[in-house]
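The values are calculated or read from the model by the stated rules, or taken from the named source; none is laboratory data. Since the structure is predicted, the reported quantities are computational estimates derived from the model, not experimental observations. Backbone-built Cβ (ideal geometry, glycine too); neighbour counts: all protein chains shown. Just so you know, the surface numbers come from the protein's heavy atoms only, side chains and all, with ligands and any DNA or RNA stripped out. Shrake-Rupley method; radii C 1.70, N 1.55, O 1.52, S 1.80 Å.
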Amino acid sequence: MKTERTSQQIVDDVICYMEPALREATAMLSQPVRHMAEYHFGWIDADGRPSTPVGFRRRPALVALLCAGSTKKAWDGVRNAAVAGTLMSAAGTVHDDISDHEMLRKGRPTLWTVFGVPSAIQVGVALHCLAFELLATETPRTAVELSRRAAYAIRECCSGQIHDVASEGSSRMVLEDSLDLLESTIAFPTVGVAMVGALMRGASEDEVAAAERFGYHAGMAMAFFDDWEGVWGTSRESLEEPWADLRRRKSRAFVAFALRSRGPARDQLAAFYDDTTEPSIEQLEHVAALIEECGGRTWLEDRIREHTSLARRALPDAVPDPAAQAELAAFVGAMADELP
């Protein structure tokens with residue numbers, strides 16, 4: 001499968017296509033929620049002056065659109081649901097930033113640091129509500145099914161977020177629990193948006209099932225890649241807080257795997273995760289090296305390649321449009337291509 005566009009060009013085209021509809025939906029919000037949502041999406045600064053968004057990927061929309069096809073007609077058919085998915089993803093990010101005390105996202109202060117925690121919580125709730133308003137405009141049968149699946153994905157994310165916060169600051173993390181967290185917060189929502197694209201184009205049951213397989217493995221690949229990028233990647237270091245998950249001693253699958261090893265490096269790594277003092281940059285660099293020495297980085301890179309391969313393998317049965325197949329393959333393949 002070959003595509004004329006690079007992975008970044010595909011992302012840029014999806015953003016260009018989605019932005020007017022996303023702005024139109026956001027305009028339905030009343031003030032001051034609308035102003036705050038527009039800040040979160042990068043369209044304005046804190047004082048309301050226009051700004052240029054940077055660093056956005058629009059992954060939910062990209063997966064939904066391309067699982068529907070490659071033509072404008074196919075995209076138009078799923079655009080409303082793709083906007084809803086983007087709003088849900090944004091709501092989750094707003095709340096996640098509060099829970100994790102994230103200070104920086106997409107190269108600017110996070111919403112809660114600018115407007116306060118109470119306001120940011122309400123913005124997240126409003127974005128979820130707006131998403132369900134959009135889904136309600138679909139045909140009754142479609143609206144019910146999409147809303148049901150969206151509600152399931154959201155409540156699974158809520159459970160995952162609680163587990164994520166509770167797992168901070170301990171070397172007694174369990175690999176299986178860390179994998180469950182990635183499933184509930186990233187893989188299952190990606191299953192949902194892939195399914196949306198298939199359903200909206202009238203896919204068969206077998207195609208929907210294959211789209212869900214693709215979504216699961218693409219979601220796991222994205223989750224693992226985000227973990228890798230947060231420690232060893234460089235492409236987004238100016239957009240996000242460096243080593244944020246290490247700094248907060250979060251339970252991550254690659255760390256849990258590293259802690260299964262034996263030896264002095266493992267013991268030093270465990271001591272760090274049981275500590276409560278604020279680490280320095282030099283300490284975080286050392287922790288990253290310890291994880292690598294304990295096999296965590298190799299394990300993580302293998303998982304990215306594994307799930308990327310499985311996602312691509314599901315595509316022929318999931319998406320009949322050859323061009324859409326090729327572009328989804330390029331999108332997920334770009335993650336493995338960035339590895340050393």
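Which residue, of ASP302, ASP226, is closer than 22 Å to PRO60 by Cβ and without any contact (Cβ under 8 Å) to a residue 60 or more places away in the chain?
Exactly one of ASP302, ASP226 is closer than 22 Å to PRO60 by Cβ and without any contact (Cβ under 8 Å) to a residue 60 or more places away in the chain, namely ASP226.
Please go through region 241-254 and give me each residue that is outside any loop (DSSP other than H, G, I, E, B), touching a residue at least 60 places away in the same chain (Cβ under 8 Å) and under 19 Å from HIS101 (Cβ atoms), ordered by number.
Result: ALA244, single match.
Quick grid of which residues meet (1) touching an Asp or Glu at 6+ places or on another chain (Cβ under 6 Å); (2) modelled with pLDDT of 95 or more; (3) farther than 28 Å from GLU156 by Cα; (4) among the acidic types (Asp, Glu):
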{"site": "HIS40", "(1), (2), (3), (4)": "no, yes, no, no"}
{"site": "PRO53", "(1), (2), (3), (4)": "no, no, yes, no"}
{"site": "ARG57", "(1), (2), (3), (4)": "no, no, no, no"}
{"site": "LEU66", "(1), (2), (3), (4)": "yes, yes, no, no"}
{"site": "ARG79", "(1), (2), (3), (4)": "no, yes, no, no"}
{"site": "ASP100", "(1), (2), (3), (4)": "no, no, no, yes"}
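Among the residues of region 143-183, which ones are of a type in the set (S, T, N, Q) and open to solvent by 40 Å² or more (accessible area, probe 1.4 Å)?
SER159
Which members of region 156-206 meet the condition of being modelled with pLDDT under 90 and basic (Lys, Arg)?
Correct list: ARG172 only.
Got a number for residues in region 18-56 being assigned to a helix (DSSP H, G or I) and open to solvent by less than 40 Å² (accessible area, probe 1.4 Å)? Even if it seems obvious, please write down each step before you answer.
Our first condition is that a residue be assigned to a helix (DSSP H, G or I); within region 18-56, this holds for 18-26, 33-40.
Then drop every residue that is not open to solvent by less than 40 Å² (accessible area, probe 1.4 Å), which leaves 18-19, 21-22, 25-26, 33, 36-40.
The number of residues fulfilling the criteria is 12.
Quick one: is ALA314 surrounded by 20 or more Cβ atoms within 10 Å (Cβ to Cβ), touching a residue at least 40 places away in the same chain (Cβ under 8 Å) and out of contact with any Pro (no Cβ under 9 Å at 6 or more places or on another chain)?
Spelling it out, ALA314 is indeed surrounded by 20 or more Cβ atoms within 10 Å (Cβ to Cβ), touching a residue at least 40 places away in the same chain (Cβ under 8 Å) and out of contact with any Pro (no Cβ under 9 Å at 6 or more places or on another chain).
From (1) over 18 Å from VAL174 (Cα atoms); (2) out of contact with any Ser or Thr (no Cβ under 8 Å at 6 or more places or on another chain), pick out the condition that doesn't hold for ALA324.
Result: ALA324 fails condition (2) only.
Report, by residue number, each residue of region 71-103 that is within 13 Å of GLY197 (Cα to Cα) and open to solvent by less than 50 Å² (accessible area, probe 1.4 Å).
Within region 71-103, ALA74, TRP75, GLY77, VAL78, ASN80, ALA81, ALA82, VAL83, ALA84, GLY85 qualify.
Test ARG260 against the criterion of being without any contact (Cβ under 8 Å) to a residue 60 or more places away in the chain and over 19 Å from VAL165 (Cα atoms), and give yes or no.
It is false that ARG260 is without any contact (Cβ under 8 Å) to a residue 60 or more places away in the chain and over 19 Å from VAL165 (Cα atoms).
Would you please name the residue that is nearest to ILE154 (Cα to Cα), looking only at residues in region 110-129 that are without any contact (Cβ under 8 Å) to a residue 60 or more places away in the chain and surrounded by 17 or more Cβ atoms within 10 Å (Cβ to Cβ)?
So, considering only residues that are without any contact (Cβ under 8 Å) to a residue 60 or more places away in the chain and surrounded by 17 or more Cβ atoms within 10 Å (Cβ to Cβ), the one nearest to ILE154 (Cα to Cα) is HIS128.
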